[in-house]
Every structure is written in C-alpha cells, then in structure tokens.
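These notes are about the structure you will find just below.
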Amino acid sequence: MRPAPGDDTRIIRPAAVLDQRTASRVLAELERLDVARGGIWNATSSLWQRYDQPWDGLGGARGGAQLIGSIAVMYDAPNRHQITIYKVTVSAYGLTLGWSVEALCDDALSWVGLSLESCPRAELASPPTNDPFKRAATAP
C-alpha cells in the first residue's frame, strides 16, 4: 500500500521480530478482532490494517470505516515461523486522532505484553571491514 500525502511512514530499523509462539498469539487476536466480525483489524499475509470501527458496508465492504494505519509484515523472516515488522504507516486521518507509529504497533502487540520498544529486534550484519571495490595492494 502506497502512503498518501500527509501519512507518516517509518521503516523499522532494526526490524521488530516475533517468534513463533508470540506471532501465533498476535495473529489469533487480530483474527478475533477482524473487521468482518465486528472488530477493527484487517490482517493479511503482508499487511495488518487498523480501522477506527468495524466494516459496515454492503456485503462486508469497508463502508464508513476509516483506516488508522498499516503495519507491513513478512512471514517466515528472518527465520521460519517468525514474523518481521519492517514498515509502519499511520494515515493522515489516524494522525488527526493522535495515533503514532509506536501507538499503532503497541496496539497490535499489546495482546502479548509487548510494545514496539520492547519487541525483539533483527540482528543486523556488520558491514564488511574491507572495501570490496579497492584492489588489493600488490608488492613491487
């Protein structure tokens, strides 16, 4: 989903990572709170979306519900059965209601006693110590 003008988008560095047990519990709660069942979350395999109210449109459509924000996730990354949170967008509408990137993540993670700040993070690889574009010095 491409951010609209006025949205606040942040790349999470290092990315937040949920282990298998924690990820399963978060997904179970987001499923329980699905917008089609009177909840406020619409979770797909790559995007968790938070709305201000359940979807109330004809045939299960969004209707008057407004998007608060989106959490971009990757399943089975960095390892199998883990979920990585790597990008978060709060809509302009969500910002007017006082939502932030942290608050949106905290709302999704609260079911497992985590916040964005306390969530485990992906390990970042160290940059190479030698410059791969420099030729090795040769002796005369």
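Quick notes on this one:
- Cα-based helix-to-principal-axis angle, 20-32 vs the chain, degrees rounded to 10: 30 degrees
- With a simple spin-label model that places each label point 7 Å from the Cα along the Cα-to-Cβ direction, the separation between residue 100 and residue 24 comes to 3.4 nm.
- With the simple model of a label 7 Å out from the Cα in the direction of the Cβ, residue 56 to residue 4 spans 1.9 nm.
- With 5 Å bins from 0: P(r) over the chain, alpha-carbon pairs, percent: 2, 10, 17, 20, 17, 11, 7, 4, 3, 3, 2, 2, 1, 1, 0, 0
- Cα-centred dipole magnitude for the chain, charges only on beta-carbon of K, R (+1) and D, E (-1), debye, nearest 20: 460 debye
Coordinate-derived values only; no laboratory data. A quick note: this is a predicted structure, and the numbers were derived from the prediction, not measured. When we count neighbours, we look across all protein chains shown, and the Cβ atoms used for this are built from the backbone with ideal geometry, even at glycine.
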